[in-house]
Amino acid sequence: MNIYRDFTARIKETIHRVAGDVDAADLARVTVEPPRDAAHGDLATNAAMVLAKALGSPPRELAGRLAAAMASDPDVEGAEVAGPGFLNLRLKPAYWRAALKALLVAGVAYGRSDVGKAAKVNVEFVSANPTGPLHIGHCRGAVVGDALANLLQAAGYDVTREYYINDAGTQVDMLARSAYLRYLEALGEEIGAIPQGYYPGRYLAAVGDALAERFGETLREMEEEDDWLSVVREVAIELMMASIRQDLERLNVRHDVFFSERSLITGPVDRVAEAIGALVGKGLIYEGKLPPPKGQLPDDWEDREQTLFRSTAFGDDTDRPLRKSDGSYTYFASDIAYHYDKYLRGFHTMIDVWGADHSGYVKRMQAAVTAITGGEAGLDVKVCQLVRLFRGGEPVKMSKRAGEFVTLSDLVDEVGPDPIRLMMIFRRNDAPLDFDFEKVTEQSKDNPVFYVQYAHARTCSVFRQADAELPGLAKDAAALRRAALGRLGDSGEMALIRGLSDYPRLVEAAAEAHEPHRLAFYLYDLASEFHAHWNRGKELPHLRFISAADPELTLARLALVHAVRLVLASGLTMLGVSAPEEMR
């Protein structure tokens with residue numbers, strides 16, 4: 001039961017009764033949400049303000065007419081006009097109890113919806129170059145992407161999780177040369193210092209060992225680099241991707257598709273040439289010169305005639321080159337082709353999760369997707385800002401080139417996947433994040449991981465206590481659905497029911513906004529409400545969940561506790577975090 005969807009329908013019906021026919025486009029702008037201040041009521045709608053002009057009525061006057069009509073609704077206790085024309089509604093306690101009953105009936109399905117109508121959505125995330133292990137920076141994008149995919153699925157979208165393997169270009173050739181040195185080392189050669197520009201990390205020693213075991217002396221006996229480079233490159237990418245998959249598995253992250261960049265050119269068709277051809281057909285490609293960028297010239301700027309995409313026609317700052325001076329495609333051309341391939345696979349909604357170092361690339365890619373699809377597809381880019389890692393209050397430095405960094409695997413070994421996942425999502429993706437090894441494992445309210453998981457464990461402990469004190473009382477799901485919920489009326493109990501009733505709206509809103517952090521915030525607030533009510537019971541015995549002298553009241557309160565348990569477990573599952581039944 002989505003109470004906000006329910007009352008949106010009721011308010012729209014009331015609008016028709018009060019004002020007659022209203023244009024559907026205007027009605028679509030009507031929203032029902034919790035008021036900013038809970039003291040103002042249970043629900044607030046902007047109906048009068050968004051319809052005032054179309055209906056030729058001042059907002060407050062229209063809101064007054066709607067308030068008078070809504071006051072006759074059997075579930076409305078009061079209707080008041082506020083501010084410039086908001087309509088605030090206060091609902092009867094019986095309606096909230098009915099909402100709790102609907103939650104108990106829905107069970108584990110509560111909060112899930114079909115609002116997405118099975119629309120196909122592609123969520124591409126992580127997509128780290130296969131040149132080294134995943135580190136904490138990649139970790140944030142992995143968690144954001146996976147949690148977002150889970151949310152979209154819960155809201156009824158058909159989601160594909162995708163990883164783009166950057167297996168073309170100079171970085172993988174350098175990976176192959178670095179791995180070849182480790183191969184020679186595995187054969188007993190003294191390789192000395194790793195050359196500048198190579199990948200020096202010891203993680204490549206395992207690749208060198210695998211090459212030596214697989215090929216023996218064969219590769220060393222090849223005289224020309226071109227003879228062994230492609231072989232080593234293939235094996236190095238294969239082994240590095242296997243390691244990346246393994247690391248992601250430890251974080252409970254799995255992808256449906258691993259898409260090879262090289263396949264864009266080596267596949268059945270040259271997708272890059274096809275994409276450029278499509279843009280040529282739209283008149284969006286031309287030969288010309290770009291003006292020099294303001295300030296210091298970048299090393300790769302070229303003052304020459306180039307094949308350019310009219311990116312500025314779609315909101316970008318400058319037009320973009322598609323070919324390098326040697327005639328090969330630019331990275332941008334490959335990225336256009338890749339997103340064009342997504343579109344050809346039926347994805348009209350594309351979400352890319354990128355690191356902060358790619359933020360300057362957003363406008364051109366959104367321009368390209370709009371152009372290549374004729375506006376039929378859209379690209380939303382979620383940029384994950386930097387993660388600052390601390391240990392005991394002291395910053396931990398990372399340097400991938402130097403081979404000195406904290407890997408994702410190291411992180412999981414030390415704190416486990418749950419603290420990583422919830423902390424990475426417990427802040428907006430576009431805000432920097434401080435991750436402290438000590439704080440994410442401490443048992444306090446300041447640690448949201450512990451606080452939310454402990455709330456779930458506490459709901460389970462209530463049932464264990466009920467089993468001990470009232471062993472003959474039926475407490476299964478069917479019995480809880482039959483509970484006398486009319487016995488619930490304390491302010492803390494009603495606050496919990498209101499919070500639980502917000503869950504379906506929250507899931508839909510977070511999914512539609514592509515903002516999984518909203519769910520993390522909601523779970524923390526729900527946990528806080530539950531802990532606060534539990535603490536009130538310690539001070540006021542008549543509010544305790546279990547009353548051996550009143551089994552009927554106990555069952556009603558257990559039904560509420562069970563509802564809290566269902567929602568906490570559902571939300572934690574969407575975030576990829578476990579819901580423990582016991583914590584010590």
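The values are calculated or read from the model by the stated rules, or taken from the named source; none is laboratory data. As the structure is a prediction and not an experimental result, all values here were calculated from the model. For neighbour counting, all protein chains shown are included, and Cβ atoms are generated from backbone atoms with ideal geometry for every residue, glycine included. Just so you know, the surface numbers come from the protein's heavy atoms only, side chains and all, with ligands and any DNA or RNA stripped out. Shrake-Rupley method; radii C 1.70, N 1.55, O 1.52, S 1.80 Å.
Would you mind getting me the FRET efficiency between D550 and E581? Use the beta-carbon distance for r and R0 = 25 Å, nearest 0.05. Between D550 and E581 the formula returns 0.45. Taken as Cα centroids, region 149-178 and region 192-211 sit 24 Å apart, rounded to the nearest whole angstrom.
List the trypsin sites (Lys or Arg not before Pro) in region 43-138 that DSSP assigns to loop (not H, G, I, E or B) and whose Cβ has at most 13 other Cβ atoms within 10 Å. Which are they?
For trypsin sites (Lys or Arg not before Pro) across region 43-138 that sit outside H, G, I, E and B with at most 13 neighbouring Cβ atoms in 10 Å, the list reads K117.
For region 241-396, lysine pairs with C-alpha atoms less than 23 angstrom apart, excluding pairs fewer than eight positions apart on the same chain, total 11.
For region 251-315, a crude dipole built from +1 on the beta carbon of Lys and Arg and -1 on the beta carbon of Asp and Glu, taken about the Cα centre, is about 260 debye to the nearest 20.
Pairwise Cα distances in region 502-584 exceed 15 Å for 65 percent of all pairs. Which parts of region 37-68 would a label at E80 reach, counting a residue when its backbone N lies under 13 Å from a point 7 Å out along Cα-to-Cβ? Answer for this model: 37-44. Per residue, region 1-73 exposes an accessible area of 51 Å² to a 1.4 Å probe, with every protein chain left in place. When region 370-471 is described by a simple charge dipole with +1 on each Lys and Arg Cβ and -1 on each Asp and Glu Cβ, the residue from T370, L386, F450 located farthest towards its positive end is T370.
Can you tell me how much longer the chain between A39 and A474 gets when fully stretched, taken as 0.36 nm per residue apart minus their C-alpha distance, in nm with one decimal?
Working it through step by step, the gained length comes to 152.8 nm.
Sorted largest first, the principal axis extents computed over the alpha-carbon atoms of region 266-362 equal 41, 30, 26 Å. Here region 370-487 is treated with +1 on each Lys and Arg Cβ and -1 on each Asp and Glu Cβ, and its dipole about the Cα centre works out to around 440 debye.
What the Cβ-Cβ distance of E394 and L184 gives, at R0 = 41 Å and to the nearest 0.05, is a FRET efficiency of 0.60.
With the charge dipole of region 132-203 set up from +1 on Lys and Arg Cβ and -1 on Asp and Glu Cβ about the Cα centre, the Cα lying farthest toward the positive end among the listed residues L181, Y157, H135 is that of H135. Each label point was placed 7 Å from the Cα along the Cα-to-Cβ direction; for L344 and D434 their separation is 4.9 nm. Centre-to-centre, using Cα atoms only, region 232-299 and region 450-470 are separated by 50 Å.
Scaled against the 2.2 N^0.38 Å expected of a compact globular protein of N residues, the Cα radius of gyration of the chain reads 1.17.
Suppose R0 equals 22 Å. What FRET efficiency, 1/(1 + (r/R0)^6) with r the Cβ-Cβ distance, do A68 and K92 give to the nearest 0.05? That gives a FRET efficiency of 0.80.
Taking only alpha carbon atoms, region 225-295 gives an Rg to Rh ratio of 1.16, where Rh is the Kirkwood radius. Comparing F86, W354, A106 along the charge dipole axis of the chain, the residue lying farthest to the positive side is F86, per the Cβ-charge model. For a paramagnetic label modelled on S409 (point 7 Å from Cα along Cα→Cβ), amide N atoms under 12 Å away belong, within region 205-228, to 205-207. Accessible area of the chain with a 1.4 Å probe: how many percent of it is carbon plus sulfur? Of the solvent-accessible surface of the chain, carbon and sulfur hold 50 percent. If you take all other residues with their beta carbon under 11 Å from the beta carbon of G393, and give Lys and Arg +1 and Asp and Glu -1, the sum is -2.
With a probe of 1.4 Å, find how much accessible area region 381-518 has per residue, and write the answer as a whole number in Å².
Heavy-atom accessible area per residue stands at 43 Å².
Summing Cβ point charges (Lys, Arg +1; Asp, Glu -1) relative to the Cα centre of the chain gives a dipole of roughly 2600 debye.
Placing dummy labels 7 Å off each Cα toward the beta-carbon, the span from D6 to A102 is 0.4 nm.
Taken as entire DSSP H runs, the helices of the chain that both span 30 Å or more between Cα atoms along their own long axis and average -1.0 or more on the Kyte-Doolittle scale are 225-250, 448-469, 517-539, 551-574. All Cα-Cα distances of region 403-505, cut into 10 Å bins from zero to the largest, leave 11, 28, 28, 20, 11, 2, 0 percent in each bin in turn. Projected label points at T312 and H531, each 7 Å from Cα along the beta carbon direction, are separated by 5.5 nanometres. For region 526-541 versus region 83-111, the spacing of their alpha-carbon centroids is 22 Å. In a DSSP loop and with at most 13 other Cβ atoms within 10 Å, the trypsin sites (Lys or Arg not before Pro) in region 410-446 are K445.
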